[in-house]
Amino acid sequence: MLSAMTGTAPSQRDSGDSRPVEAARSAAHDGRFAAVARSGYATSGLLHMVLGWLTAIVASGGSASADYSGALQAVAAQPFGVVALVLAGAACALLGLWNAGRAVFGRDGVRSRLGAAGTTAVYLVIGLTVLRYAFGARSSASQSTRSLSAELMTNPLGSGLLIATGAVILIVAGYHVFKGVARKFLDDLKGLPNTPVRGTVTVLGTAGYVAKGLVLGALGLLFVVATVQHDPSDSSGLDGAVQAVRDQPFGPSILLALAIGLVLYGAYQIVRARYDTME
């Protein structure tokens, strides 16, 4: 009765309710958490380097699944590969969670927080995909994409969704190319010293971002063309995009250049794990 009259109970309740929020806000600005989360960039870099290697195999006429499921399969086949995948998935998930904290509790402007939200989605998806694969969910990404596309193409709403997906991928692809050509990626490396290393990192980032943008562009076009032609067999994800590039005039040479670019992008991501201050 007295506590209700004085208002102490609601204050205590509000304090208790705010503890998880305060803990999340503190984690979003915790340098130690950020240091661990940065390992997610290194994980992404290694996967892109494996993806580049698989793409080079396809470019040379070999048989390989040049998508993320193929990259994960290649890692899992190595000694202690599954353990490595668990650690890699956890690292990406941590990076996603840290960016989620930035998106919600960040001190920067709206644009920066929206960027953090996008990064959250990307790395949470990568992390969950890697962890699911490590624990036995090993379906082919190209087959899953093809099946889903075939189902969506059965009605106009689904076809519109596929075209919209292709358009979004094309926008993301364009952003990657722009970020590489304009060297905007250097804004992410505030801890990079102004030494000769900077020149090497600039080459890695420029070539890497442009190459990844072009690969994503091929993927986006494949979604749109496959939907317009109502042919789900052409909508087979990243592996299908790689195969489509190879089948074009001078395709193997172009694909080999893109493969090298993906390896360079992977190397840049590993460097980013070292120099991104995550501010």
(request) Starting from residues that are assigned to a helix (DSSP H, G or I) and β-branched (Val, Ile, Thr), keep the ones in segment 190-212 and report whichever is nearest to Phe178 (Cα to Cα). (result) Val210
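Which one of Gly61, Gly16, Gly45, Gly70 is modelled with pLDDT of 80 or more and either touching an Asp or Glu at 6+ places or on another chain (Cβ under 9 Å) or assigned to a helix (DSSP H, G or I) (or both)? Write out each step before concluding.
Numbers: Gly61 fails: either touching an Asp or Glu at 6+ places or on another chain (Cβ under 9 Å) or assigned to a helix (DSSP H, G or I) (or both); Gly16 fails: modelled with pLDDT of 80 or more; Gly70 fails: modelled with pLDDT of 80 or more.
After applying the criteria, what remains is Gly45.
Is at least one residue of segment 198-206 more than 13 Å from Tyr268 (Cα to Cα) and β-branched (Val, Ile, Thr)?
Kept after step one, since they are more than 13 Å from Tyr268 (Cα to Cα), are these residues of segment 198-206: none.
The answer is no; no qualifying residue exists.
Determine which member of the set Ser144, Ser139, Ser112, Ser149 is modelled with pLDDT under 80, loosely packed, with under 15 Cβ neighbours inside 10 Å and closer than 19 Å to Leu216 by Cβ. Can you show your working first?
On the way: Ser139 fails: closer than 19 Å to Leu216 by Cβ; Ser112 fails: closer than 19 Å to Leu216 by Cβ; Ser149 fails: loosely packed, with under 15 Cβ neighbours inside 10 Å.
Step by step, each of Ser144, Ser139, Ser112, Ser149 is checked, and only Ser144 is modelled with pLDDT under 80, loosely packed, with under 15 Cβ neighbours inside 10 Å and closer than 19 Å to Leu216 by Cβ.
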(message) Looking only at segment 177-189, filter to residues that are loosely packed, with under 13 Cβ neighbours inside 10 Å and in a helix (DSSP H, G or I); which one of those is modelled with the lowest pLDDT?
(response) Asp187
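The values are calculated or read from the model by the stated rules, or taken from the named source; none is laboratory data. Bear in mind that the values here come from a model prediction, so they are computed numbers and not experimental data. Cβ sites come from the backbone with ideal geometry, for glycine too, and all protein chains shown count toward neighbours.
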